[in-house]
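Encoded as structure tokens, the structure appears first; notes follow it.
Rule-based calculations on the coordinates, nothing more; no lab input. None of the values given here were measured: they were computed from a predicted structure. Quick reminder, even Gly has a Cβ in these numbers, built from the backbone with ideal geometry, and neighbours come from all protein chains shown.
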Ligand code: IPE
């Protein structure tokens, strides 16, 4: 039986968030090797990969407030710049993954995404399904999107996963980040979170550095907890993609202890 897994490579992992438009090619290469290793070892593994924008999209979006809406000619110009910045990082990720032998097919979310007041309500599924059917790994990324209410907005990789999860029913969503997991107020990794734990946890959630127009760790945890509540059997795991070997072991074995697990 195939296992379907969504994997996000966080923007703060694959870029240097303290420096605008700075990728971390050695890290991306390492992650690509680990993905290829896992795919080689597990022909039953069906992956969808998404990546964040880190110091590319966030740096471009911040001066225009693109997430909140796009109305003036200056803001539309900004929208185009954010799209270009996100695509530029995607080009780098795509090339490094293909070089490492991981068969990714880059699909640009903004080509078909439509939002309603910040919520993604449409994404073209045919290319994603066709890629999966042919043994390719669809590679998507946090991107701009047209919005019926706001004009334009930004969709994060998590927003894309939330849209795709009910359609593709993944067993797991993996978020590879720069930190070891979701940290408590004392900086220790919280091993497991259930949606019921959230009210007590909320005040202590932390973890993102630098500019983040899509909300940082606290909002990712909220969003993923809401998703596991809607999708029975889904587990979300947030762990470090920085330490070599963790990503491949998590991909190879659903039971591996690493970072934070969010499930019902
Ligand atoms: C952000 O996407 C997209 C843009 C700013 C264009 P994500 O929310 O998935 O990216 P990271 O992981 O926070 O960088």
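Observations, loosely collected:
- Computed over segment 50-163, the range of Cα coordinates on each principal axis works out to 42, 26, 19 Å, biggest value leading.
- Average projected area [Cα convex hull, segment 118-247], square nanometres: 9.5 nm²
- Base-10 log of normalised Debye intensity for segment 27-110 (one unit scatterer per alpha-carbon) at q = 0.18, 0.25 Å⁻¹: -0.78, -1.15
- Pairwise FRET efficiency - residue 76 versus residue 189, Cβ, R0 = 35 Å, nearest 0.05: 0.25
- Looking at the chain, the DSSP beta bridges with both ends there are about 35 percent antiparallel.
- Note on residue 204 and residue 126: the model spin-label points, each 7 Å out from Cα along the C-beta direction, lie 5.1 nm apart.
- Inter-centroid distance (Cα atoms) of segment 4-66 relative to segment 150-205, Å: 16 Å
- Cα-only Debye scattering, segment 111-164: base-10 log of I(q)/I(0) at q = 0.12, 0.13, 0.16, 0.18 Å⁻¹: -0.27, -0.31, -0.46, -0.57
- Over 19 Å [Cα-Cα, segment 148-197], rounded percent: 52 percent
- Descending semi-axes in whole angstrom, ellipsoid equivalent of the chain, from the Cα gyration tensor: 25, 22, 19
- Counted over segment 154-261, the DSSP beta bridges are approximately 35% antiparallel.
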